[in-house]
1. For the subset of segment 143-157 comprising residues that are touching a residue at least 60 places away in the same chain (Cβ under 8 Å), within 18 Å of residue 121 (Cβ to Cβ) and in a loop (DSSP other than H, G, I, E, B), which member is nearest to the chain's Cα centre (by Cα)?
2. Under 6 Å by Cβ, and 6 or more places apart or on different chains, what pairs join a residue from segment 216-241 that is touching a residue at least 12 places away in the same chain (Cβ under 8 Å) with one that is part of a loop (DSSP other than H, G, I, E, B) and of a type in the set (A, V, I, L, M)?
3. Out of segment 154-165, which residues are more than 16 Å from residue 214 (Cβ to Cβ) and open to solvent by 10 Å² or more (accessible area, probe 1.4 Å)?
4. Out of the residues in segment 121-144 that are at pLDDT below 90 and out of contact with any helix residue (DSSP H, G or I) (no Cβ under 8 Å at 6 or more places or on another chain), which is surrounded by the fewest Cβ atoms within 10 Å (Cβ to Cβ)?
5. Of all residues in segment 89-100, which are part of a loop (DSSP other than H, G, I, E, B), surrounded by fewer than 23 Cβ atoms within 10 Å (Cβ to Cβ) and not polar (S, T, N, Q)?
6. Applying the selection to segment 184-201, what residues are open to solvent by less than 10 Å² (accessible area, probe 1.4 Å) and out of contact with any helix residue (DSSP H, G or I) (no Cβ under 6 Å at 6 or more places or on another chain)?
7. Which condition does residue 206 not pass, out of (1) among the acidic types (Asp, Glu); (2) at pLDDT 90 or above; (3) open to solvent by 30 Å² or more (accessible area, probe 1.4 Å), if it passes all the others?
8. For segment 158-207, give me each residue that is in a strand (DSSP E or B) and acidic (Asp, Glu).
Amino acid sequence: MSLTQQMSPNGRPSRRPSGLLVSFAAVALVAITVILTLVVTGGDDDEAPTPPAPTRFGIPSPQPVVSPTTGMSSEPLILPRPARTAANGVPVGFPHTTDGAASAIVRWNSLIVPVNESREVDVLRTIGSQHLIASAIPEIQEEFRGQTMSPDLWATIITLGVKIVSASDDQVVVALLDSMEVGDARGPVKTVFRTASHLLVWFEDDWRLDTIEDAPIELRTPTSNDPAQIRAAGWEEFRLG
């Protein structure tokens, strides 16, 4: 069931304890381990594309869809810049607008990489609402402790498309399409496309991530990062201001 289908009469979603944030971390950890095991044993012959150069935590700059010079169906969303950067490198201080909320989650998306526990928790404490910090972080920590992760493992997340699902003065739901690429010391291994809706709430003069839920069913998952295929799946282009 999508987030929009779970909206309560007062406009807030009916909450699960932690939404897809925990399940994203859990599924990604398992998937990464399985993918790397398949490659080691010769069970996956797919050729992996060349990834953007990852940092130690697998955090490249957010990359929007690149349009061809012709055939653009509409103007891309121009996402405003943050006012400042927190001490841990996380952008904060976004405008109190719908586009400001979209800019926040697009720029944060690549920072929530389900590989390094301490980094992910640190980011979530910076961008999360009180609800998210209280409910999701303990469960994410538990998921990491149940996995044995190679120190050479890395993941990169690149946002490919965006869609404003709903908006009010202090709450905005933004769906994102991204590609998660995983690898280890040998290089890139596999790319997986993901979709999700993110509820952001306005609190203490900034946007905060509150929950992550299923993307609306009308937003489809493409099989490649081809801009035309992404637009055909219902996603919009964006540019970082």
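The values are calculated or read from the model by the stated rules, or taken from the named source; none is laboratory data. Keep in mind it's a predicted model, so treat the numbers as computed, not measured. Positions of Cβ are generated from backbone atoms using ideal geometry, with glycine treated the same way; all protein chains shown enter the neighbour counts. With ligands, DNA and RNA removed, areas are computed over all heavy atoms of the protein, side chains included. Shrake-Rupley method; radii C 1.70, N 1.55, O 1.52, S 1.80 Å.
1. The residue in question is 153.
2. 220/233; 222/233; 227/65; 230/65; 234/219; 237/65
3. 154, 158, 160, 164
4. It comes out as 142.
5. Across segment 89-100, the qualifying residues are 89, 90, 93, 95, 96.
6. Across segment 184-201, the qualifying residues are 197, 199.
7. Result: residue 206 fails condition (3) only.
8. 178, 181, 184, 206
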